[in-house]
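These notes concern the structure reproduced below.
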Amino acid sequence: MKMDTQNIINFVINSVEKFLSGNPDLTFYAFAFDCKVEDAEINLCLNTEEAFLKV
């Protein structure tokens, strides 16, 4: 699949909606893209304060 701007936006919206519907009680303070240019891969990163404090 070609990852143009609209495809990336749709990917983010759909992925975040799906994740949040399975985790409705979590509150996120950070959202980031983890990109692997060599593989043309985009991953989403969401973090909560609770998860951050566990590190």
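Read-outs: derived from the displayed coordinates by stated rules, not from any lab. Just so we're clear, the structure is a prediction, and the values are computed from it rather than from any experiment. Quick reminder, even Gly has a Cβ in these numbers, built from the backbone with ideal geometry, and neighbours come from all protein chains shown.
See the values below:
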| read-out | value |
| --- | --- |
| Per-residue ³J(HN,Hα) for segment 26-34, Karplus 6.51 cos²θ - 1.76 cosθ + 1.60, θ = phi - 60°, Hz, x for Gly and Pro | 8, 10, 9, 10, 9, 9, 8, 9, 10 |
| Compactness relative to 2.2 N^0.38 Å, alpha carbon Rg of the chain | 1.29 |
| Point-charge dipole on Cβ atoms (K/R +1, D/E -1) for the chain, about Cα centre, debye to 20 | 80 debye |
| Where trypsin sites (Lys or Arg not before Pro) fall in DSSP loop in the chain, at most 16 other Cβ within 10 Å | 2 |
| Total formal charge among the other residues, if their Cβ is under 14 angstrom from that of residue 46, Lys/Arg +1 and Asp/Glu -1 | -4 |
| Residue-averaged 222 nm ellipticity for the chain, from DSSP H runs of 4+ at -39500 (n - 2.57), nearest 500 | -13500 deg cm²/dmol |
| Spin-label model distance (nm) - residue 52 vs residue 39, 7 Å beyond Cα toward Cβ | 2.7 nm |
| Degrees separating the helix 5-22 axis from the principal Cα axis of the chain, which is the longest one | 30 degrees |
| Spin-label pair residue 6/residue 30, simplified geometry with 7 Å Cα→Cβ offset, distance in nm | 3.3 nm |
